[in-house]
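Values quoted throughout were computed directly from the atomic coordinates according to the rules given, and no laboratory measurement underlies them. What you see is a predicted model, and the numbers here were worked out from it, not measured in a lab. Cβ placement follows ideal geometry from the backbone for every residue including glycine, while neighbour counts extend to all protein chains displayed.
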């Protein structure tokens, strides 16, 4: 799959996730906060090229604010609860150092209405 096609796929998924927030009354007042989680060196995932492109694409919409973090270990921290949307953009074969906490956090994030 080429880089352009990959970017298109990622953008479609991100837009679908973010779209739900624009349907609520609060969406008109506050921007949707997206945490773009990327990183992990892997030859088949050119995240250094694609992550900035995804970030720029999302930020073309003034209703979206994107913070990018280049370390998936952030999923094991409370930082993720500061955002409306988590966009996971990484490929790793090795588990995160704190995988159990990351799983717990992701489950809690979704249960609280995050996308």
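Most exposed first by the Cβ proxy, i.e. fewest other Cβ within 10 Å, how do 42, 93, 83 rank? Spell out each step's value before the answer.
Details: 42 12, 93 6, 83 20.
So the residues, fewest neighbours to most, are 93, 42, 83.
Treat the count of other C-beta atoms within 10 Å as a stand-in for reagent exposure and order 70, 41, 94 from fewest to most. Write out the running numbers ahead of the final one.
Working: 70 14, 41 10, 94 7.
Arranged by neighbour count, lowest to highest, 70, 41, 94 become 94, 41, 70.
Order by neighbour count: 89, 45, fewest other Cβ atoms within 10 Å first, most last. Intermediate results must be reported in sequence, preceding the final value.
Numbers: 89 21, 45 18.
Going from sparsest to densest Cβ surroundings: 45, 89.
Could you rank the peptides 71-77, 95-101 by their average count of other C-beta atoms within 10 Å per residue, with the highest value first?
Working: 71-77: 17.4, 95-101: 12.7.
So the order, starting with the most tightly packed, is 71-77, 95-101.
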